[in-house]
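Report on the following structure.
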Protein chains: 4
Amino acid sequence: MAGNTFGVLFRVTTFGESHGPSIGCIIDGCPAGLVIDEDFIQREMIRRRPGQSAIVTQRREADIVRIYSGVFEGRTTGAPITLLIANEDQRPRDYEHLSDAFRPSHADYTYWAKYGHRDPRGGGRSSARETAARVAAGAVAKLLLRQYGIEIQAYVSQVGPWILEKPYTELNLSLAETNEVRCPDPAIAEQMIHFIHQVRERGDTVGGVITGIIRGCPPGLGEPVFDKLHADLGKAMLSINAVKGFEYGSGFASAAMLGSQHNDAFIAEGDQIRTQTNYSGGIQGGISNGMDIYFRVAFKPVATLLRDQPTINTAKAPTIIQGRGRHDPCVVPRAVPIVEAMAALVVADHLLRAKALQSANSLHR
Amino acid sequence: MAGNTFGVLFRVTTFGESHGPSIGCIIDGCPAGLVIDEDFIQREMIRRRPGQSAIVTQRREADIVRIYSGVFEGRTTGAPITLLIANEDQRPRDYEHLSDAFRPSHADYTYWAKYGHRDPRGGGRSSARETAARVAAGAVAKLLLRQYGIEIQAYVSQVGPWILEKPYTELNLSLAETNEVRCPDPAIAEQMIHFIHQVRERGDTVGGVITGIIRGCPPGLGEPVFDKLHADLGKAMLSINAVKGFEYGSGFASAAMLGSQHNDAFIAEGDQIRTQTNYSGGIQGGISNGMDIYFRVAFKPVATLLRDQPTINTAKAPTIIQGRGRHDPCVVPRAVPIVEAMAALVVADHLLRAKALQSANSLHR
Amino acid sequence: MAGNTFGVLFRVTTFGESHGPSIGCIIDGCPAGLVIDEDFIQREMIRRRPGQSAIVTQRREADIVRIYSGVFEGRTTGAPITLLIANEDQRPRDYEHLSDAFRPSHADYTYWAKYGHRDPRGGGRSSARETAARVAAGAVAKLLLRQYGIEIQAYVSQVGPWILEKPYTELNLSLAETNEVRCPDPAIAEQMIHFIHQVRERGDTVGGVITGIIRGCPPGLGEPVFDKLHADLGKAMLSINAVKGFEYGSGFASAAMLGSQHNDAFIAEGDQIRTQTNYSGGIQGGISNGMDIYFRVAFKPVATLLRDQPTINTAKAPTIIQGRGRHDPCVVPRAVPIVEAMAALVVADHLLRAKALQSANSLHR
Amino acid sequence: MAGNTFGVLFRVTTFGESHGPSIGCIIDGCPAGLVIDEDFIQREMIRRRPGQSAIVTQRREADIVRIYSGVFEGRTTGAPITLLIANEDQRPRDYEHLSDAFRPSHADYTYWAKYGHRDPRGGGRSSARETAARVAAGAVAKLLLRQYGIEIQAYVSQVGPWILEKPYTELNLSLAETNEVRCPDPAIAEQMIHFIHQVRERGDTVGGVITGIIRGCPPGLGEPVFDKLHADLGKAMLSINAVKGFEYGSGFASAAMLGSQHNDAFIAEGDQIRTQTNYSGGIQGGISNGMDIYFRVAFKPVATLLRDQPTINTAKAPTIIQGRGRHDPCVVPRAVPIVEAMAALVVADHLLRAKALQSANSLHR
């Protein structure tokens, strides 16, 4: 099975390459009657769009989402929702010089090995352009989740050596969208931006980390034993270009902890069951427990450099990749809405999966 | 969709609770004609089995795998393969005292919230007992992968504060199975074992990290854009009990790196294309590139302590969980074969998925 | 993907061959809290069991269903439900003489071509023995459907030349289970039974038709455009051994009808919307409309004859199949509970699928 | 799970309503390197197009297929293939008068019951317009199957009372496309055409039957026990608008046959294994045996009449549907390419599914 579909009940298939007329997606399984706020979708697209600030790629894509099916008079009909985004700024000439060389740490070689061809125009499906379709689909998922009081937010918590150590609970997250790097600590944000400028001047790139939080998730989402909520979240994040790692709750730090430190004590608050600490990250046994879900996603530095790099070509002969084109020196600021979108797709899917069984459960009790 | 099935073409469904007569699994999609080495399966079971050394739980389960279907005269037939493992040492009385209290950082509360009942006998599907079925299925996957020259090995690289910093390429991995903690560095292994003994004496538990390596994977496995090879590996690992994080290749460390450091240069070695470094971890654009695949998996400390802990019960009233029962002070030594099994399931599945398309591809060229 | 799983949300995987210790199934996705009436399951098994009357095969199988997982104190837990049925009467010697010859109109040749082996002991997965697992799973589905007031009944409407022409609405269906052939018209039933005896005496077999009815299905089940309710019903029926055709509502007869004859006029009965006629068979546009769903399933004559038949073997040499063994002269009486079981699996699955979306829909209105 | 996706490995998702800008489909899982003959795709579209002759609807749709993704320089790339077909002749005013009345034997009521809205403009997803996307996808599948020597042809074998009794083996099938009704017997074709004209003059409609043949299918396609080749073919056909029945090989007629008549004797022809007769319809035990696969599909009369019909509306009040609009008096001539397309999708999918396992099988022997 080819792998361009994500989700079981809320199910998204993305399509399109940068050299075609459009990219886009189909959402199959969105409940009928949901009000589609097109302005909201568009605002999400703008958050991911290239050229939005000085620290991201200067390619220009208007990224206007056009709804081709599944919405009638502003509401979903239950039919597949098709979202198209035209490719306006293709500029294939920028990539022509690459033609048969394998760019280091890109997907050129593996696509060639798998599919038997070398996309000469810089990307095809491995291009981050594909993530625009994810943001569009994720915006629809967010609209659905809002109906249930579930909100998702992500922010940049590391760029190269600059790390935001404070936990999300001690931050004013409303500040995240007030600066170019989407870091909610203004002082660290400034350092990150400065660092990105330096890196770009050297023709280099740098990695980073994004932290995500899901609030308002009811208890009961997640399907043991394989489709645990955090397992599907992890897969969703790892499917984003350049992601190298995922952790939730206490994450890798838990490896050094003792059980007596790590256990989250249950308490009752009125009618609600909560935990005093939240090392579990809102998920226990693969199922949401009603506390905040939080996670971290590691991004490697972008592989395209504005420097010459040695490599080989399809004939296995040595050659040089010249550093040209318009690329992001650091991908994480633009990846924030992508992380949110993928999280929204996972939660929307598990919400419907839980509802299929819960409504039946209730009958028997 | 309930979540007890893993894989698309090589497809495993596990079933069973500790309080029933058996646990087990069905493998649907294993090619016909594969020789099934039952001794090998059994040896894998023994690696996961409780009671195998002083640093793991002293529960006793013989964990004999019995083949109920799909194998005839020692070879797979193409029919579903059913593997059953009897529950010999159920001892429900050990768990009776728990009945309606939610054990901290266990799945008691979330299962209750989701399914409307409280398993009074310690585990049901959230028990690590379920992973025995994974090891059995993974052993079959390993036998299939061997036919293609693919080998998988995992080892313990961290227990609490004791970290094996050396990369796997500088270790003698054959030493991993020579000590109780499955760490290939004998000196560090000794410290880890000592530490686990200390932790146990205090009635406490500790987390750890397992490193996994997949060797001999041909280029071309992994299905963009969502079913990237590392995304499915990540999901597989995160679906194991107590796992809190996953990273592959350069992982979280890549967030602090520059592109000029991180890019892996391609070189030709005879007929083969390789990379000089392997920060990519054997996967580029979600597709294997023929280099070693390596990854790390973080485990939290086991939630069951031999200490009393305050909690609440289903009536939301405060109560005390007493520390009793037989549990692992550190799960990682026994989780090594589980990590290997899940990796084997992912690679076997992607191998078949790639073959479906490659054999067709070859026709057209 | 191997094909031993049926359903999307209420999902059944069957396993096992007649030469192994057991056959059985796993049901994944049954809601928690459903009371499991084991006596009911067993009565369904008895309806399918060989040896129940003089007109069916005299093989003896006790067909006791044992629950291995997913049920606790008489209720489903939400975990996978495993049902095992021991093989008691294997008698492999009956089949030994077949070993390398391809029995005419059996699956011997196609299994050999597909899997590369020739099951020497009468069937493996192609044996109708596999359908015992379907009946067990279907019994659980029926218990679920009962909670929603949905009932399924099937009966024999043709055996060879003997055809029950009356529509089901003019029959007393409670008579169906009062005779060996499961035909609700006692006079025709007698003719059918007499005919089957004649056929058996000649060492021959005969085909038949089963009619099925689903009552109480609420409007809204079925997922356009591919997973139409009748499309999934059709697939379910066609997956039963020996089935050659499926029709619902007006079926093949509609090909000769005019639209002005065939259209079902809508009427309001109190708060309910109904149709005056029901050529639609309770399904319009692939979605149930609340009227009775009815369908017919054609079975070919059993391929095993008590006569010698010429054939070839795996070496492509001519040989003779001798007529021996114990087989059904007519499969339809025993296939009635199988038809019901498969219908129950389809409706249970679509009920959960509809619930996933409906509960969300309701929020928005 | 919503139901707009068909297939496991060769996987098609259709989208779009007649009132949007386009309809179309995504094919995910087509092998890379396949030459895409756009003229062939277009010719298939023309075969289904309205307005092609006097006996079909006079709506006009150019039905030009535009490839949006997945094809580069005339070959598939392995990425999802997106095909769009613009809606040129929407004319919503034709349908305005229907708005809140339920047209008899249409999907108006069931869509309203399921999704909570009443598409006022003639159909949405339940419109036969959706099948244009199936024909486009099926054309790609046919191009793939041709590489393996597999050809699919369908023709009209019944229109109302006019039945083509001869088996396909005694017909000159090349004549099917030489007349408006697509019946390969010119004399009967003339009667059918004449009958359709009569029916249309009366403002009525009539049903029919299509026979399909798949030639060149290798042995081994089909996945027991649920995804039998004929079960998936049956589902595919039943998912087409207006289909009420499916049979393959001897079909419903087998119910009246004896085993001694029905069994197909195996013979060796050189290196090939064949059967002397083919009541099995090319499939045994759910797996292709290398003989021709043939089947019949029953279509009810179109529900839209050019006559007034009584009905009720969403308020459950009686009302009259006026007979207006442009519709087919008989759907079967235009449904021939749809039947072929769905058959092609099924065989392409099973071809890839078989290859996933066969290439592995071959390793072990």
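The values are calculated or read from the model by the stated rules, or taken from the named source; none is laboratory data. The structure presented is a predicted model; accordingly, all values stated were derived computationally and were not measured. Ideal geometry is used to build each Cβ from the backbone, glycine not excepted, and the neighbour counts take in all protein chains shown. Accessible surface areas use protein heavy atoms only, side chains included; no ligands, DNA or RNA. Shrake-Rupley method; radii C 1.70, N 1.55, O 1.52, S 1.80 Å.
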Restricting attention to the range B:247-260, which residues are within 29 Å of A:Ala255 (Cα to Cα), at the interface with chain A (Cβ under 7 Å from one of its Cβ atoms) and either open to solvent by 10 Å² or more (accessible area, probe 1.4 Å) or of a type in the set (Ser, Thr, Tyr) (or both)? B:Glu247, B:Tyr248, B:Gly249, B:Ser250, B:Phe252, B:Ser254, B:Ala256, B:Met257, B:Leu258
Hits in the range B:168-183 - residues which are over 17 Å from B:Arg49 (Cβ atoms) and open to solvent by 60 Å² or more (accessible area, probe 1.4 Å): B:Thr169, B:Glu170, B:Asn172, B:Ser174, B:Thr178
All positions within the range C:112-146 that are modelled with pLDDT under 95 and polar (S, T, N, Q): C:Ser126, C:Ser127
Only listed residue being over 18 Å from A:Tyr294 (Cα atoms) and of a type in the set (S, T, N, Q), chosen from A:Asn263, A:Asn241, A:Asn278: A:Asn241
Return the residues of the range B:266-290 that are open to solvent by 60 Å² or more (accessible area, probe 1.4 Å) and aromatic (Phe, Trp, Tyr); say none if nothing qualifies. B:Tyr279
For B:Tyr279, indicate whether it is among the hydroxyl-bearing types (Ser, Thr, Tyr), in contact with a strand residue (DSSP E or B) (Cβ under 7 Å, 6 or more places away or on another chain) and either within 7 Å of chain A (Cβ to nearest Cβ) or closer than 30 Å to A:Asn313 by Cα (or both). no
Only one of (1) within 9 Å of chain C (Cβ to nearest Cβ); (2) within 30 Å of C:Pro219 (Cα to Cα) does not apply to D:Gln158, and that is (2)
For the range B:184-230, give me each residue that is farther than 30 Å from B:Gly286 by Cβ, part of a loop (DSSP other than H, G, I, E, B) and open to solvent by less than 10 Å² (accessible area, probe 1.4 Å). B:Gly203, B:Asp204, B:Thr205
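Please enumerate the residues belonging to the range C:306-319 that are touching an Asp or Glu at 6+ places or on another chain (Cβ under 6 Å) and buried (at least 18 other Cβ atoms within 10 Å of the Cβ). Can you show your working first?
Start the filter on the range C:306-319 by keeping residues that are touching an Asp or Glu at 6+ places or on another chain (Cβ under 6 Å), which leaves C:313-314.
C:Asn313 - this is the single residue of the range C:306-319 that is touching an Asp or Glu at 6+ places or on another chain (Cβ under 6 Å) and buried (at least 18 other Cβ atoms within 10 Å of the Cβ).
Of B:Leu145, B:Leu164, which residue is touching a Phe, Trp or Tyr at 6+ places or on another chain (Cβ under 9 Å) and either more than 14 Å from chain A (Cβ to nearest Cβ) or not hydroxyl-bearing (Ser, Thr, Tyr) (or both)?
None of the others qualify; the one that does is B:Leu164.
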So the check is Cβ under 7 Å with 6+ separation or different chains; which pairs have a first residue in the range C:297-322 that's facing another protein chain (nearest Cβ under 7 Å) and over 19 Å from D:Ser254 (Cα atoms) and a second one that's surrounded by 15 or more Cβ atoms within 10 Å (Cβ to Cβ) and among the basic types (Lys, Arg)? C:Thr311/C:Arg103
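How about the range D:1-82: which strands (runs of 3 or more DSSP E) wholly inside it have at least 3 residues that are within 14 Å of chain C (Cβ to nearest Cβ), crowded, with 19+ Cβ neighbours inside 10 Å and at pLDDT 95 or above?
Fully inside the range D:1-82 and qualifying: D:11-15, D:22-28.
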Quick one: how many residues across the range B:101-144 are surrounded by 23 or more Cβ atoms within 10 Å (Cβ to Cβ), touching a residue at least 24 places away in the same chain (Cβ under 8 Å) and in a helix (DSSP H, G or I)? 18
Has the range C:153-167 got any residue that is touching a Ser or Thr at 6+ places or on another chain (Cβ under 9 Å), assigned to a helix (DSSP H, G or I) and at pLDDT 95 or above? no
List the number of the failed condition for C:Asn263; all other conditions in (1) closer than 20 Å to C:Val347 by Cβ; (2) crowded, with 19+ Cβ neighbours inside 10 Å; (3) not basic (Lys, Arg) hold. (1)
Considering the range D:1-57 alone, what residues qualify as being under 24 Å from D:Val332 (Cβ atoms), free of Cβ contacts under 8 Å to residues at least 24 places away in the same chain and among the β-branched types (Val, Ile, Thr)? D:Ile46
Candidates C:Ile293, C:Ile240, filtered to the one that is touching a Ser or Thr at 6+ places or on another chain (Cβ under 9 Å), more than 7 Å from every other protein chain (Cβ to nearest Cβ) and open to solvent by less than 10 Å² (accessible area, probe 1.4 Å): C:Ile240
How many residues does the range C:205-221 hold that are in contact with a Lys or Arg (Cβ under 8 Å, 6 or more places away or on another chain), closer than 19 Å to C:Leu238 by Cβ and within 12 Å of chain D (Cβ to nearest Cβ)? 4
